[in-house]
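Below you'll find the structure, written out as structure tokens, and then a few comments.
The values are calculated or read from the model by the stated rules, or taken from the named source; none is laboratory data. Note that the coordinates shown come from a computational prediction; the quantities given were computed from them, not determined experimentally. Here the Cβ positions follow ideal geometry from the backbone for every residue, glycine too, while neighbour counts run over all protein chains shown.
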Amino acid sequence: MSEKNISTNPASVVYKRCTVDLASGTTTFAQVPCKNLEDVLGGFGRSFQVLAERDIVEAYCPENPVILNTGLLTGTSIMTGMRSYFSGYSPLKKSGTGRPGAMWSTGSGNFGNKFKWTGLDEVIFENRSDKPVYALLKEGANGPEVELKPADHLIGLTGHAKIMALYQEYPEAHFAAIGPAGENWENNYMGAVVMSTDNELKSGEPKSRFAGRGGMGSLMGYKNLLAVVALSSDKLQKITPEIRDVNRDILKSGGSARFQPASQGGGGGTWANIEVLQVFHAVPLNNFRPKGNTDVERLFRDEVEKEFDIATEACHRCGIRCHNNLFYKNEDGSRGKLAAKFDFEPLILFGSNLGVHEPAKVCDLIHRCDLLGMDAISLGTTISYVLDYNERHPDKPLFNGATFGDYDKITELIEDAGRGKLPGIARGVKRLSEETGETAYAMHVKGLELPAYLPDTNPGYMFAIAGGHMSMGTHMMLAKEGKHSLDEWTQAITTGGLLQVGYDMIGLCKFVGVGIGHDIIVRALKEAAGIEIASEDILAAVRRAYLRGLALELRQGFHEEKEYTLPSQVMDDPNPEVTLPKFITNEFLGELRQRVWSVFKPEMEGLLPVRGE
Amino acid sequence: MQIKVKLYASLRRQKFDEADWEITPDQKIASIVEQLGLARQDVGTVLVNGLHAGWDETVAEGDIVSLLPRMGGG
């Protein structure tokens, strides 16, 4: 990426794209001038403009690309600047017309850095290979080079095992791979992209990161693209005094403190949310239906510490250190083997929300999902639906008849779903609930399963364009602030909430924890990318990128009333055990939709390209 | 006058789970937090008798003040 002042001339910034035709094996390189500031910032802000140019009616078609790209700060020395993004039309996110929705998914680790350091900013994988391949992206004497290599030796391996096998061949590289779920793309729409970390490669333990949402791993599987190898020398950017100051401010500003280790006075990562939400009995339990009891408290940190050794670890050179890795304790008290990484989402969605409260069992379920390369949110939430259905229909249960807390049978469901034997589960809860005819308690919005925050507390989910809390930052507003008026929710969704997506453009992790227009971000772009963008211009670009995504949803057939809604159980059968205000009624949602659309729609005009131009 | 203070998650680990606490009448919540030795930026949510409250609010004899740390995720 060239370094220019781009406030009025985004075309002065060019990025390096490689288009890989998986069918023919040919590669084409191009220097692409940026069309607008969203292009400059990168991530989904750029990839969605490519997707919007295409008329895609089915996710699994040759014309649907997988786009791998970075953000402006990926590969720089700004703390957390290591994100890479996978975009395409999702097999999971589906409108009522049957058309797929556009999605992106992102993760950290060190793959993004290595990819950026090959000299590439974007790779578009077109068509599909007739044989399993992996893509080798590497820096050559005259610029980046891309090759496709046979991947037969990787077939059937877990995502982690694929990474370790490739590591033997490329010890200087980092990796993005799919697991068995992605390989079984026909029967599994929730395959994740598994990305390597330094810690994983050094220790041999499965400490991968995941770009999980929306089935981008399944789309890779459809294309017979089993992995991507990014081979480059380390190009660690010199840490100037200004960059050092930005990184210090990221750690000290307070925004990231809640994710920092508890042992260092931080909040201890997202895990801490469980204790806070339990104050309101708002922790998902038995398919998002808290019972007002203390079951979830078995998963509080203090309880888990009695059984496991907890290590706080980090992505590449990240001082936030948000990973809480649990290790079994040996008989002599020393640290044993890795059990799982405990984050709020998998912890709840494979724990209390399935009626499983023993930490060791939760660890095992998370671990299985990760190895098979599935999105923990989509899988956990779909299984909780199955258990709920079976509890309601003991005489005619689904699948193996598993019910809440039945660890052995839940284990079977995970294993079978991951290996393509249970399409009923692995094609997601929207499809499954439409088959059973019981949609009221299927916890999804627009085909994407809900994360571990109750829909009873977040009407903002309706306007998330990429899966719940990933793209609408209102998931804890009620618990944090108690706000529940129409004015407050309209304001939250149409101003601050949508800005959540800004981090999915610039290459940083959301755990930096400041608003996307914050001075820290402005300084980071200036010092590390050499690009000066005023805060208001960043905010405007992020807003346009979000609204373009929303416009693309409507164009793909998502109904602006029927599909911008919540699971009907929330409105029709409010949970009396949740002690937060119960304000979500059909009338409230109707009025909220109307107000939000009236703000957004005029701004959405002209944001989508005219196809064919 | 006396109130009850309940702390949660990282705040609890810094100080205590629950305690009776002496305050002066008209003492604002911000001042109570300071008196407890907690950094204001570490406190994300304040509840008085289970309802959300602001920094400038006052409490009454016997009230239960719950302090929650900042939450995050995404």
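Listing for the model above:
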read-out: Total residues in the stretch A:521-530, condition assigned to a loop (DSSP other than H, G, I, E, B) and closer than 17 Å to A:Y503 by Cβ; value: 0
read-out: Any hit, the stretch A:170-183, residues being surrounded by 19 or more Cβ atoms within 10 Å (Cβ to Cβ) and farther than 28 Å from A:G428 by Cα; value: yes
read-out: Matching residues, the stretch A:48-73, being under 19 Å from the mean Cα position of the chain (by Cα), in a loop (DSSP other than H, G, I, E, B) and within 28 Å of A:E183 (Cα to Cα); value: A:A59, A:P65
read-out: Complete set of residues in the stretch A:531-551 that are among the small types (G, A, S) and assigned to a helix (DSSP H, G or I); value: A:S535, A:A540, A:A541, A:A545, A:G549, A:A551
read-out: Selection within the stretch B:34-51 - assigned to a loop (DSSP other than H, G, I, E, B) and either more than 22 Å from A:R258 (Cα to Cα) or within 14 Å of another protein chain (Cβ to nearest Cβ) (or both); value: B:G37, B:L38, B:A39, B:N49, B:G50
read-out: Residue in the stretch B:16-33 that is within 9 Å of another protein chain (Cβ to nearest Cβ) and either part of a helix (DSSP H, G or I) or out of contact with any strand residue (DSSP E or B) (no Cβ under 9 Å at 6 or more places or on another chain) (or both) present; value: no
read-out: Filter pass, A:N325 being under 25 Å from A:M374 (Cβ atoms), polar (S, T, N, Q) and in contact with a strand residue (DSSP E or B) (Cβ under 8 Å, 6 or more places away or on another chain); value: yes
read-out: Unique match (being in a helix (DSSP H, G or I) and in contact with an Asp or Glu (Cβ under 6 Å, 6 or more places away or on another chain)) among A:T403, A:T381, A:T411; value: A:T381
read-out: Filter pass, A:L201 being farther than 23 Å from B:V46 by Cβ, among the aliphatic types (A, V, I, L, M) and either touching a residue at least 24 places away in the same chain (Cβ under 8 Å) or away from chain B (no Cβ under 14 Å) (or both); value: yes
read-out: The stretch B:55-74 - residue that is more than 9 Å from chain A (Cβ to nearest Cβ) and assigned to a strand (DSSP E or B) and, of those, surrounded by the fewest Cβ atoms within 10 Å (Cβ to Cβ); value: B:I64
read-out: Test: A:G267 is on the phi < 0 side of the Ramachandran plot, free of Cβ contacts under 8 Å to residues at least 12 places away in the same chain, within 14 Å of another protein chain (Cβ to nearest Cβ) and crowded, with 24+ Cβ neighbours inside 10 Å; value: yes
read-out: Qualifying residue in the stretch A:217-225 (condition: in a strand (DSSP E or B) and crowded, with 24+ Cβ neighbours inside 10 Å); value: yes
read-out: Residue list for the stretch B:1-54, restricted to those being among the polar types (S, T, N, Q), surrounded by 15 or more Cβ atoms within 10 Å (Cβ to Cβ) and over 10 Å from the mean Cα position of the chain (by Cα); value: B:S10, B:Q14, B:Q27
read-out: Identity of the residue in the stretch A:467-487, within 12 Å of another protein chain (Cβ to nearest Cβ) and charged (D, E, K, R), that ends up surrounded by the fewest Cβ atoms within 10 Å (Cβ to Cβ); value: A:E481
read-out: Residue list for the stretch A:97-132, restricted to those being within 23 Å of A:G156 (Cβ to Cβ), touching a Lys or Arg at 6+ places or on another chain (Cβ under 7 Å) and surrounded by fewer than 24 Cβ atoms within 10 Å (Cβ to Cβ); value: A:R128, A:S129
read-out: Residue count for the stretch A:505-520, restricted to those that are more than 14 Å from every other protein chain (Cβ to nearest Cβ), free of Cβ contacts under 8 Å to residues at least 60 places away in the same chain and in a helix (DSSP H, G or I); value: 1
read-out: Qualifying residue in the stretch A:339-356 (condition: more than 14 Å from chain B (Cβ to nearest Cβ), over 17 Å from the mean Cα position of the chain (by Cα) and modelled with pLDDT under 95); value: yes
read-out: Exclusive hit being under 23 Å from A:P574 (Cα atoms), touching a Gly at 6+ places or on another chain (Cβ under 7 Å), in contact (Cβ under 8 Å) with a residue 40 or more places away in the chain and buried (at least 16 other Cβ atoms within 10 Å of the Cβ), set A:Y461, A:Y441; value: A:Y461
read-out: Sole exception among (1) at pLDDT below 95; (2) of a type in the set (V, I, T); (3) assigned to a strand (DSSP E or B) for A:T28, by number; value: (1)
read-out: Filter pass, A:G502 being in a helix (DSSP H, G or I), surrounded by 23 or more Cβ atoms within 10 Å (Cβ to Cβ) and either without any contact (Cβ under 8 Å) to a residue 40 or more places away in the chain or within 14 Å of chain B (Cβ to nearest Cβ) (or both); value: yes
read-out: Residue among A:K329, A:K341, A:K306, A:K361 that alone is of a type in the set (D, E, K, R), without any contact (Cβ under 8 Å) to a residue 60 or more places away in the chain, buried (at least 18 other Cβ atoms within 10 Å of the Cβ) and farther than 25 Å from A:K93 by Cα; value: A:K361
read-out: Test: residue in the stretch A:338-358 that is in a helix (DSSP H, G or I) and of a type in the set (G, A, S); value: yes
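Listed here are the residues, each with its yes/no results for (1) touching a residue at least 60 places away in the same chain (Cβ under 8 Å); (2) outside any strand (DSSP E or B); (3) within 14 Å of chain B (Cβ to nearest Cβ).
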{"site": "A:L277", "(1), (2), (3)": "yes, yes, yes"}
{"site": "A:N286", "(1), (2), (3)": "yes, yes, no"}
{"site": "A:R289", "(1), (2), (3)": "yes, yes, no"}
{"site": "A:R298", "(1), (2), (3)": "yes, yes, no"}
{"site": "A:D302", "(1), (2), (3)": "no, yes, yes"}
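The rows are residues; the columns are (1) within 29 Å of A:K582 (Cα to Cα); (2) modelled with pLDDT of 95 or more; (3) within 23 Å of the chain's Cα centre (by Cα).
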{"position": "A:D487", "(1), (2), (3)": "yes, yes, no"}
{"position": "A:D504", "(1), (2), (3)": "no, yes, yes"}
{"position": "A:V514", "(1), (2), (3)": "no, no, yes"}
{"position": "A:V522", "(1), (2), (3)": "no, yes, no"}
